[in-house]
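See below for the structure under consideration.
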Amino acid sequence: GAGVSQSPSNKVTEKGKDVELRCDPISGHTALYWYRQSLGQGLEFLIYFQGNSAPDKSGLPSDRFSAERTGGSVSTLTIQRTQQEDSAVYLCASSLALAGPRGGNTQYFGPGTRLTVL
Amino acid sequence: TQLLEQSPQFLSIQEGENLTVYCNSSSVFSSLQWYRQEPGEGPVLLVTVVTGGEVKKLKRLTFQFGDARKDSSLHITAAQPGDTGLYLCAGVNAGGTSYGKLTFGQGTILTVHP
């Protein structure tokens, strides 16, 4: 079946512009996660959704970052007034249900969107 | 803030050698996961260890969870060029508003030369 897809795969923008990144989770997955990864580094948690609600927004780096999910499916991550330090790969993952403490409900990752802010 | 320290950051070895990657924290995690990531792709889950002291084997890969559930290791026997990639450990949080959130280590870039 289809995996998690993200678009665009690459985005180059100028400092100060707004960008919108899209994530299409695996059909039927109720939980959706956004992460940010700098070159060759680990992943930084940004936000997760359970259905359409986001109980934990504490990982968003600043108020320039926002995310929404509608219809329990597609999610968009919006970065306003982009800065050069926003340059990174933004990864989306989905799982059948919220990941449990014993690691249940595997998170499946998309290929990411590489954002470059000039 | 929970942190996971992963070491080494870079590892360059010859085919056939053995290696170990370490993941350490001062915090206790409910479980710990190991991922492998190739360029241009997202991480793929290799294993989840849940019980303190647990050892899991996946072909030439051996994963161990520390007794106190604060640290873990990944050991690869007789590494092959196909093992090349970024290896990430991730701690699974127990509950509260962090429920479901993964805390990742910085990653280990492994290169296995033929």
Checklist entry - Name the residues in the range B:1-36 that are among the polar types (S, T, N, Q), in contact (Cβ under 8 Å) with a residue 12 or more places away in the chain and under 21 Å from A:GLY59 (Cα atoms), would you? => result B:GLN2, B:GLN6, B:SER25, B:SER26, B:SER27, B:SER30, B:SER31, B:GLN33
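Among the listed residues A:ARG81, A:ARG102, A:ARG114, identify the single one that is among the charged types (D, E, K, R) and on the phi > 0 side of the Ramachandran plot. Walk me through it before giving the result.
Working: A:ARG102 fails: on the phi > 0 side of the Ramachandran plot; A:ARG114 fails: on the phi > 0 side of the Ramachandran plot.
Selected residue: A:ARG81, the only one of A:ARG81, A:ARG102, A:ARG114 that is among the charged types (D, E, K, R) and on the phi > 0 side of the Ramachandran plot.
Suppose we filter A:VAL117, A:VAL19 for residues that are β-branched (Val, Ile, Thr), in contact with a helix residue (DSSP H, G or I) (Cβ under 8 Å, 6 or more places away or on another chain) and surrounded by 17 or more Cβ atoms within 10 Å (Cβ to Cβ); which single one remains?
Working: A:VAL19 fails: in contact with a helix residue (DSSP H, G or I) (Cβ under 8 Å, 6 or more places away or on another chain).
Just one listed residue meets the conditions, A:VAL117.
Every residue in the range A:67-118 that is small (Gly, Ala, Ser) and closer than 12 Å to A:ARG22 by Cα, please. Working first, answer last.
Within the range A:67-118, the subset small (Gly, Ala, Ser) is A:67, A:71-73, A:75, A:87-88, A:93-95, A:97, A:99-100, A:103-104, A:110, A:112.
If the condition is that a residue be small (Gly, Ala, Ser) and closer than 12 Å to A:ARG22 by Cα, then A:ALA67, A:SER73, A:SER75, A:ALA93, A:GLY110, A:GLY112 are the ones that fit.
Quick check on my filter: what residues within the range A:64-102 are among the hydroxyl-bearing types (Ser, Thr, Tyr), under 13 Å from A:GLN50 (Cα atoms) and over 11 Å from the mean Cα position of the chain (by Cα)?
Quick first cut of the range A:64-102, residues among the hydroxyl-bearing types (Ser, Thr, Tyr) only: A:66, A:70, A:73, A:75-76, A:78, A:82, A:87, A:90, A:94-95.
Cutting the leftovers down to under 13 Å from A:GLN50 (Cα atoms) gives us A:70, A:73, A:75, A:94-95.
Listed by number, the residues that qualify are A:THR70, A:SER73, A:SER95.
Taken together, the values in this text are just the output of simple stated rules run on the coordinates, not laboratory data. Computed from a prediction, not measured in an experiment: that's the story for all the values here. Using ideal geometry, Cβ is built from the backbone for each residue, glycine included, and neighbour counts are taken over all protein chains shown.
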